[in-house]
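Take a look at the structure below.
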Amino acid sequence: MAINSNPVISEIKVKTGVKKWVEWWIGKRKEKLEKHLSGTMSINPFLAPIIFDYHGLDDLESLTKLYITSHLMIGNNTGFGKLIDEKILPNVFGFVKLDKNYRLTNYPLIEPCFDEIDHFIERQNGKKELLSLKAGRWTIQLTMAVQLNSSFNEILNKYPKISNNLVVGVFYGKSEHLTDKYDILRGINRGAHHNVVDLKDKVQVHSGREFWSWVNNGERNTQEWVLNGIIEATEKVNIREVSENLFRVFQNSVLKHYDAIYEDDEKINWQKLLKIING
C-alpha cells in the first residue's frame, strides 16, 4: 500500500495540483453543455405548474431555464464530489483510492464492510487510516448512519491490522453544524435509542477546515490553498463566455422539445406536457 511520505504537502504543490485537476473537470462540465443532453433531464409534469407559480415564472423559457439550471447543478455537485474523491485526494495528497481493481487485489478490502470506505492512507509515521468521504451535513441519513456504525465495528474487530483509525470526512461545513447522524455512526445516541455500538474512541469525524487539516497532516491553511487552486483554474480556463453560449444552445434544444405545450394565447397547456412525458 502506498505511503504518504511527505509530512505536509506544500502550498505550491496543493495549488498546482488542484488547479490542474479543476481545469480538467471544468472541461468535462463543458462537454456536458456541448452535448446539450436534453433527453437526460427529468421533468415532473405534476410538479411543473406548482413550480411555475411558486417561482413566479412567466413563460416556458423561464421554466426551462430553471429546470436546466437545477439539472446541471445536480451534475455539478455530484461531479465535484467525484473530483475530490477520485482526483484531488489521490493525486494531490497521496491517498489510495479504493476503486474496484484495488479492492480485488488487496483482500479483505473487497468485503462488504469496506463498501463505504473510500481511501486508505498510510502516514509517514506508519499510522494507517481509512477514510469514508462525505460531501456535507445532509449526506448521511439515519439508515446509512446505523449501517456505517455496523460496518466500522466489523472492520475494527475483524480486520484490526488494516487500520487503527477510521475517519469520516466532510469536505465542507463546520462540525457543529452536522446532523446527529454523524454522532450515530460513532455509536452516540442522543434522544431516540438506535442499535449502535459505541465507537467514539476509534472513529473520528472531521469537517470543513478540520477535514482539510487532517488530510494534509495538520496544516491548518490547506483549505485556503485548495480554494486558491480552484480560483486559479477558473481564471485560466475563463469558461463564463463559452458556457453562456452553450447554455443558450442547451436551452433552445429543450424549448424545441416542449414547444408543443404552448397554446395560441401563449399559455402553457400542462395537460400537453403531461402527455409528452407520461404518454
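Read-outs: derived from the displayed coordinates by stated rules, not from any lab. Since the structure is predicted, the reported quantities are computational estimates derived from the model, not experimental observations. Neighbour counts run over all protein chains shown; Cβ positions are idealised from the backbone, glycine included.
What to note about this one:
- Inter-label distance for ASN77 and ARG209, nm, one decimal - labels placed 7 Å from Cα along Cα-to-Cβ: 2.6 nm
- Label point at TYR262 placed 7 Å out along Cα→Cβ; residues across the range 60-91 whose backbone nitrogen lies under 20 Å: 60-69
- MRE, 222 nm, helices only [DSSP H, n ≥ 4, -39500 (n - 2.57), over the chain, to nearest 500]: -15500 deg cm²/dmol
- Estimated FRET transfer efficiency when R0 is 41 angstrom, pair LEU66-THR143 (beta carbons, to 0.05): 0.85
- Spherically averaged projected area of the range 61-198 from its Cα convex hull (nm²): 11.0 nm²
- Counting only Cβ charges, +1 for Lys and Arg and -1 for Asp and Glu, the dipole size of the chain around its Cα centre is about 1020 debye.
- Fully extended contour minus Cα-Cα distance, from HIS177 to VAL249, at 0.36 nm per residue: 22.0 nm
- Assigned charges on the beta-carbon of Lys, Arg, Asp, Glu; the range 33-126 dipole about Cα centre (debye): 360 debye
- Both numbers refer to the Cα atoms of the chain; Rg and Dmax are 22.8, 74 Å.
- Between the listed residues GLY169, LEU83, ILE110, the Cα displaced farthest toward the positive end of the dipole of the chain, a dipole computed from Cβ unit charges relative to the Cα centre, is found at ILE110.
- Between ASN106 and SER42, the simple spin-label model (points 7 angstrom out along Cα→Cβ) gives 3.3 nm.
- If both residues of a DSSP beta bridge must be in the chain, then about 40% of such bridges are antiparallel.
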